[in-house]
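Here is the structure we will look at.
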Amino acid sequence: QVQLVESGGGLVQPGGSLRLSCAASGTISRINVMGWYRQAPGKQRELVATITSDGRTNYAYSGQGRFTISRDNAKTTVFLQMNSLKPEDTAVYYCNAQIKLINFWGKGTLVTVSA
């Protein structure tokens, strides 16, 4: 089992930045991939970015060049640095961890981009 707790969401003006954090606990040594997903009101949950256990990263088109996923050396915390935020980035951001085909989710943190 893996437990995930997100933090760092909030209200930010367009063009601003936020850094989200996801603290993982439990059987973290078995995690293959960690990532961030988001769900805007009335829309399906979508991929934002992922990072594998060996450090390979992948980004959705909407975040390329603006978002950066990273993790600490202990591989217990994953970060999402979000720059040049747009109103369309408003969503609940969820942390995800995968062990083989099993997905674990955090409860999410709300990001609101508005003037």
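Of the residues that sit in the range 62-115 and are basic (Lys, Arg) and touching a Ser or Thr at 6+ places or on another chain (Cβ under 7 Å), which one is modelled with the lowest pLDDT?
Arg71
For (1) open to solvent by less than 50 Å² (accessible area, probe 1.4 Å); (2) free of Cβ contacts under 8 Å to residues at least 12 places away in the same chain; (3) out of contact with any Ser or Thr (no Cβ under 7 Å at 6 or more places or on another chain), each residue gets a yes or a no:
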| residue | (1), (2), (3) |
| --- | --- |
| Glu6 | yes, no, no |
| Leu11 | no, no, no |
| Ser17 | no, no, yes |
| Ala24 | yes, no, no |
| Arg30 | no, no, yes |
| Tyr37 | yes, no, yes |
| Val48 | yes, no, yes |
| Asp54 | no, yes, yes |
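Each row is one residue, and each column tells you yes or no for (1) over 14 Å from the mean Cα position of the chain (by Cα); (2) more than 19 Å from Ser17 (Cβ to Cβ).
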site	(1), (2)
Gln44	yes, yes
Tyr61	yes, yes
Leu85	yes, no
Thr109	no, no
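Among the residues of the range 67-113 satisfying the criterion of being touching a residue at least 40 places away in the same chain (Cβ under 8 Å) and either more than 28 Å from Pro14 (Cα to Cα) or in contact with a His (Cβ under 7 Å, 6 or more places away or on another chain) (or both), which is most open to solvent (accessible area, probe 1.4 Å)?
Per the stated criteria, the residue is Lys100.
Search the range 1-34 for residues being of a type in the set (Gly, Ala, Ser) and in a strand (DSSP E or B), and hand back the single one that is farthest from the chain's Cα centre (by Cα).
Of all residues in the range 1-34, those of a type in the set (Gly, Ala, Ser) come to 7-10, 15-17, 21, 23-26, 29.
Now restrict to residues that are in a strand (DSSP E or B): 7, 10, 21, 23-26.
Numbers: Ser7: 10, Gly10: 14, Ser21: 8, Ala23: 11, Ala24: 12, Ser25: 16, Gly26: 18 Å.
Within the range 1-34, the match that is farthest from the chain's Cα centre (by Cα) is Gly26.
Can you pull out the strands (runs of 3 or more DSSP E) entirely within the range 35-115 that have at least 2 residues that are β-branched (Val, Ile, Thr)?
Passing ranges, in order: 46-52, 67-71, 77-82, 91-99, 109-113.
The values are calculated or read from the model by the stated rules, or taken from the named source; none is laboratory data. Treat the numbers as computed from the prediction; the structure is a model and nothing was measured. When we count neighbours, we look across all protein chains shown, and the Cβ atoms used for this are built from the backbone with ideal geometry, even at glycine. Areas reflect the complete protein model, heavy atoms only, side chains present, ligands, DNA and RNA absent. Shrake-Rupley method; radii C 1.70, N 1.55, O 1.52, S 1.80 Å.
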